[in-house]
Structures are given as structure tokens and as C-alpha cells.
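Have a look at the structure below, then the notes.
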Amino acid sequence: MRIVFATDIHHAFKAVGYLLDNTNADLYLICGDLVSRSFSTYKKAWSFTEAAEALSREREKSCALTQLQDGLIRKAERILESETDTDIRRSAECYLDFSKKAESYLINSYSRLESIISARPGKKVYVLPGNYDMDLQKTALKNRDLHKKSFEIEDIRISGYGSAAVMTPGLPEHLKVHYDEDDLVGFLQSSQPRIIVLHQPAYGFLDSIACYGCTGSNALRRYLDDTRGIIVLSGHNHESWGIINAQGSCFINPSNFGNAANSGRLRPGGYFLDLCLTGAEVHRATIKRLERGRPYSIYEARKEGDGFSNLVLDEKRYAGAGGKIPEIRHIPPIKELLRIKEFFLTHQSADTDKLVGKLREIYRDIEKDGMEVAFDLLGSVSFGMAEAHSDLDLVVYMRSRDCVLDEEDTCGVPRPLRAVFEAFRQKGIETEVCDSIDIERVMEAIMREDSEDGQLQRFIFYRSVCRPVNLRLIKKAENLLLSREAFRREVEESLKDYLEILVSSVRHVQSFDKYRSRLTERGIEIPADIEGAIRNYLRRSPL
């Protein structure tokens, strides 16, 4: 079963539509904070906050226990019934007026979200409120509301509990979803779920805030300490994201889906979880980011034996989310090439998109036959400059365990490579396989730090300059290599002579002329600094 979990939506309702359109899952969990505010303008929010503070001060002055226990709504009503002070009455009237405006604004917001979800009737979607949300039972989302509810899908019981034990500025207190730790634990004890969907995390698991430390629920932590085999999905703490396997349970916070203001700066959103289950067990958990409607895989935990292997799949986006990656120091020619390549990729052609899409289809089809392959792309596809008639040059990565020879195959071609050739033939793609690499042999060479291993040398070169398809197969070896940066740098330095030969070749120079002319034909001007970088890289003098 496949579950997509997005939390802290923060009014990014249009992006929710893109998420539903560009992913396939058996279940979608769209969780709070669904909204980021209770008013349409900041001016209204400030006016409401001022009125709420004035009423709070009046409530604190009260000597009557019943009035101390009153909510601000009841306090405002009491003031209008008996108070003669003009300023106090004005604050009460303002509070009541803006409370109605807030409720109306929130109800309209949830109606917009419901219209986006219901426009995609093939998607099974539940929602959960956060501390910025009102009671969803009073909104258009009531039939999707998972707060204090449970359901089963494919014999897996899922329970939800929303909101958080925090004060939420700008939200009328009578609208907020009540959060009670004892109630939460009692609910979980009675429902006995396999998957718990929360807004506020458990204490000590993905709950830290800079300068404050851990902020999660202590009661929930005690419950989980006594319970094993639970999958806990939470949000609330945007920067404390990740995948943790501890105490026999799996804790996941994919970070905020909508943009968020954290510590005086904007934290971009788009993050969500793609969770694959085998039975009731986690097979793979991938944190992804939606950018311009397209999902990108960033970080993954995959079941291996009794534990999990963790892979950073996209270093740049991982660092952008706040993750720490080892510093990679490429030799100058490769550093220059990567800078040039990044520019061309910002203008990727539609034909490149189509070719890369076909390659993704191919490796996924081969996976269904129990084998794994990945590709590194060379030439115009690697730079995003492919056209319909472009040749497809690539490197194929395989696992030695899959490379069983067929007794009828007199040429001795490994099964994964034969599957690749057959897939290209069926799709009518003209391809030149320039090399094939055994990933398991590469990993063994890295462990030995064998700088003379030919496959390892080629792997380091390809990974420095090429464009990958199916990072999952490649990344385990690459991450192992990055943990030995000095050794990786040593091998890369030894490849300088080969790179000099490549750069000076007529074909390589012609390729850059071709890429530039294709951009010019599309009316795209190449900046002077990129032209200079290309000349420097190719060791050419200015014309």
C-alpha cells in the first residue's frame, strides 16, 4: 500500500491539487495546519489580537471564579450586558465582530480546499486539523476529518489526533480544536492503531525547536514507550524533520508542505512523505518536494533485513531543507563543467524531458522482473539539450547478484543489460551503451579504498559529470564514497589526464557549439560569464 502524507499545508491549497494530480497513492493524508491565518488581512488580525488582549486583562481582574473560567466570547457578552466603560465595550464589540469574521474566513478556506479535493474523486483523502485550524466538523471537510477518528484500509488501522498544546495567536479561542494529552492517550489505547496521524509529535522524536529544545507530548511519549511496531506521522515542528526508527517504531515528519515563517525568515514548503508499506510494515519511506507540480525525491529510508538503510537522494534539495551533507571539493575542470551544465539545465528541452521519462519507465519495468538498473546520461541529454533526433549515450549500472548468465546466451550478456537492450528496442530508442558498471564491485572497492580499481575510477568520473536516472541504486555507493572524501578526491585527481584528453577532443568542442546554437535558435541568450566559463573550460581564447 502507498500513502502520501503532507502536513502544515498553510493555505497552499492549489499545491494540494498539484500533489493529488502528480502522485499515485492508495491514501492521502492532508494534515494541519491546513491554514496559516484566521483573517484575510494582517490589519484585521492585529485588530483582533488587540481586542483579545484587552478582554484577557479584564478577565484576569475578575474575582468571580465562574468569570475566570469563562472563554473570551462569554466575557465579551458579559461586558456588553453590564459594562458602561466605552473603551471596554468597544474591545468586546471588536472581539465579537472579528470572531465572526474569522469563522467566516476559515469556513470559506476549508470550502476551497474541499472543492479542490472533491474535483479529484478517484483520490481517497482524509484531513487532520492543526493548532491553527478550527473544528473541521463545522466545515465542508467534516466527512474527511480524522481528528479522534479511526478507519481501516487493507487491514491496517489508522487513527488521527489533531491540534497541539500551544497558544495560537490570531485564532479565536472558542474556534480552536481542544487538545488534551490524557484524552489523546485514552483514544489511542481504545483504538489500538498501527498508524498514528498527529499534528504535535511525541516528546523526543522530531519535536525540537531552536532555543527551546524538545516540545512534544510527554503523555504520548509514555504511551509509545510501552507500545511497539507503530508508524507515527506528525508535523508542527517544520525544521525538525526526518525519519527515525527507534524502540521498534517508525517516526516521520516530512516538514512543511506550505511555506512557513520560521525565526524571522521564510522557509519554503513543498515537502511531503511517500510511504510504501508491505503488509503492515514500512518497505520504503521517501521524503519528497513538490516543485512546479513535479515531485523530487530527497531522502529515503528503506527496509533492509532487520533495520533500515538511509539514503540522501538529492544533496542540493536535502541541504535546502536544512540537512547537512559532506562538503565535496571537485577538481577545477569538473567544478567549471558543473557550473556550465547547471546553466544549460535551467533551459532543458521538452525532448529531453521525454527521453528521461522513458528511461524512468524502463528501469521501473525492469524492477518488476526482480532486477535493478540505473543510468548515467552523457551528451546532449545530460545537459538538457536533446532534440527528437538526438542520440542517447549512457552508462548502465547493475548489481552483480542480478548478473546471472543465461545458458542459451552465447554472448555472455548479463540479464539486466539484456533487459535494457530489449526495453530500448521495444520503445524504439536509438541508444549507445558506453559502459556498464557493477555497483556491488564499486562498493567493495570503496571499502578497500582501492584507487586502482578501474570500475571505481569510472564510477567516480561518471558521477562527477553525468546526469543520473534512478538514484536509489547509485546513491548507496555514492554516499559511502562521500564518507571517504579524501579518498574520493585522490581518485578524482588521478583522472585529470583523462579529462584533459576529453576536453581537447574535437567532438567535445563540437558538442558545446551544438548546445549553444540550440539555445540561440530558441531565442535564449547565453550570459557573458557562462560564455567565458565555456571558453576557459575548453581552453579556448576569446574570439
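Derivation of every value follows stated rules applied to the coordinates shown; laboratory data play no part. Everything numeric in this text was worked out from a predicted model, so none of it was measured. No Cβ is skipped: glycine too gets one built from the backbone with ideal geometry, and neighbour counts run over all protein chains shown.
Which of the three applies to segment 84-237, rounded, prolate or oblate, going by the alpha-carbon gyration tensor with a ≥ b ≥ c and a/c under 1.5 meaning rounded?
Oblate shape, in that a/c is at least 1.5 and b/c is the bigger or equal ratio.
Quickly estimate the mean residue ellipticity at 222 nm for the chain, helices only: each DSSP H run with n ≥ 4 gives -39500 (n - 2.57), and the total goes over all residues, rounded to 500.
Calculated mean residue ellipticity at 222 nm is -13500 deg cm²/dmol.
Mind checking the dipole of the chain: about its Cα centre, +1 per Lys or Arg Cβ, -1 per Asp or Glu Cβ, Debye to the nearest 20?
Dipole magnitude for the chain comes out near 1220 debye.
Treating the beta-carbon of each Lys and Arg as +1 and of each Asp and Glu as -1, no other charges, what is the dipole magnitude of segment 66-204 about its Cα centre, to the nearest 20 debye?
About 680 debye.
In whole angstrom, how far apart do the alpha carbon centroids of segment 308-384 and segment 247-288 sit?
That distance is 22 Å.
So how far, in whole Å, is the C-alpha centre of segment 89-121 from the one of segment 137-173?
Spelled out, the Cα-based centre of one part sits 17 Å from the other.
Which angle from 0 to 90°, rounded to the nearest 10, does the C-alpha axis of helix 42-61 make with the longest principal axis of the chain?
40
VAL506 to ASP155: extension gain in nm, 0.36 nm per residue of separation minus the Cα-Cα distance?
120.1 nm
Find the relative contact order for the chain and round it to a whole percent, using C-alpha pairs within less than 8 Å whose residues are 6+ positions apart. It would help to have the intermediate numbers written out before the result.
On the way: 921 pairs, mean separation 56.6, N = 543.
Over the chain, the number comes to 10 percent.
Please give every one of the aspartates and glutamates within straight-line cross-link reach of LYS123, meaning a C-alpha to C-alpha distance under 17 Å, and leave out same-chain neighbours fewer than 8 residues apart.
Within the straight-line limit of under 17 Å, LYS123 reaches these aspartates and glutamates: ASP21, ASP26, GLU114, ASP145, GLU152, GLU154, ASP274.
Only Cα pairs under 8 Å and at least 6 apart count here; give the relative contact order of segment 332-537 as a rounded whole percent.
In percent, rounded to a whole number, it is 23.
What's the whole-number percent of alpha carbon pairs in segment 280-357 lying beyond 17 angstrom? Let's see the in-between values first.
Values: 1942 of 3003 pairs.
Taking all Cα-Cα pairs of segment 280-357, the fraction more than 17 Å apart is 65 percent.
Given points 7 Å out from each Cα along the Cα-Cβ axis, report the LYS354 to ARG294 separation in nanometres with one decimal.
1.6
For segment 332-537, what is the charge dipole size about the Cα centre, in debye to the nearest 20, if Lys and Arg each add +1 at the Cβ and Asp and Glu each add -1 at the Cβ?
Numbers: 32 positive and 41 negative charges, 130 e Å.
Roughly 620 debye for segment 332-537.
For labels at ALA486 and ASP529 in the simple 7 Å Cα→Cβ model, what's the distance in nm?
The two pseudo-label positions are separated by 3.4 nm.
Report the full-extension gain for the segment ARG284 to SER118: residue separation times 0.36 nm, less the Cα-Cα distance, to one decimal in nm.
The ARG284-SER118 span can extend by a further 56.9 nm.
Rounded, prolate or oblate: pick one for segment 456-505, where a ≥ b ≥ c are the square roots of the eigenvalues of its C-alpha gyration tensor, a/c under 1.5 means rounded, and failing that, prolate if a/b is larger than b/c, else oblate. Before the final figure, lay out each step's value.
Numbers: a/c = 3.48, a/b = 1.40, b/c = 2.48.
Oblate is the answer for segment 456-505, as a/c is 1.5 or above yet b/c matches or exceeds a/b.
Suppose each label sits 7 Å from its Cα in the direction of the beta carbon; what would the ASP26-ASP391 distance come out to in nanometres?
Once both label points are built, they end up 4.6 nm from each other.
Tell me the relative contact order for segment 161-315 as a rounded percent, counting alpha carbon contacts under 8 Å between residues six or more apart.
Working: 282 pairs, mean separation 19.8, N = 155.
The value is 13 percent.
As I understand it, the dipole of the chain uses +1 on the Cβ of Lys and Arg and -1 on the Cβ of Asp and Glu, about the Cα centre. Which of LEU471, LEU175, THR352 lies farthest toward its positive end?
LEU175
Mind running the shape call on segment 332-537? Use the C-alpha gyration tensor, a ≥ b ≥ c as the square roots of the eigenvalues: rounded below 1.5 for a/c, prolate if a/b tops b/c, oblate otherwise.
Values: a/c = 2.12, a/b = 1.25, b/c = 1.70.
Note, shape of segment 332-537 comes out oblate.
Positive end of the charge dipole of the chain (Lys, Arg +1 and Asp, Glu -1 on Cβ, about the Cα centre): tell me which of GLY370, ILE88, ALA260 has its Cα farthest that way.
Final value for the positive-end residue is ILE88.
How much length, in nm to one decimal, is gained on full extension between VAL433 and ARG364, taken as 0.36 nm per residue of separation minus their Cα-Cα distance?
That pair, VAL433 and ARG364, stretches by 23.0 nm at full extension.
What's the exposure ranking of LYS324, LYS142, LYS44, going from fewest to most Cβ atoms within 10 Å? Numbers along the way, then the final one.
Working: LYS324 8, LYS142 13, LYS44 18.
Ordered from fewest to most neighbouring Cβ atoms within 10 Å, LYS324, LYS142, LYS44 come out as LYS324, LYS142, LYS44.
Give the label of the value calculated from the structure for Rg and Dmax of the Cα atoms in Å, choosing from [x] 31.6, 125; [y] 28.3, 101; [z] 26.3, 102.
[y]
With θ set to phi - 60° and the Karplus curve 6.51 cos²θ - 1.76 cosθ + 1.60, what are the ³J(HN,Hα) couplings of segment 508-524 in order, to the nearest whole Hz, using x for Gly and Pro?
Along segment 508-524, the couplings run 5, 5, 5, 4, 5, 4, 5, 5, 5, 5, 5, 5, 4, 4, 8, x, 9 Hz.
Listed highest first by mean packing, meaning other Cβ atoms within 10 Å per residue, what order do 225-233, 476-484 come in? Walk me through the numbers before you get to the answer.
Numbers: 225-233: 16.1, 476-484: 17.7.
Ranking the peptides 225-233, 476-484 by packing returns 476-484, 225-233.
Past the 31 Å Cα-Cα mark, which pairs from LYS43/LYS124; LYS142/LYS303; LYS138/LYS316; LYS101/LYS142; LYS354/LYS496?
Checking Cα-Cα distances, LYS43/LYS124; LYS142/LYS303; LYS138/LYS316; LYS354/LYS496 exceed 31 Å.
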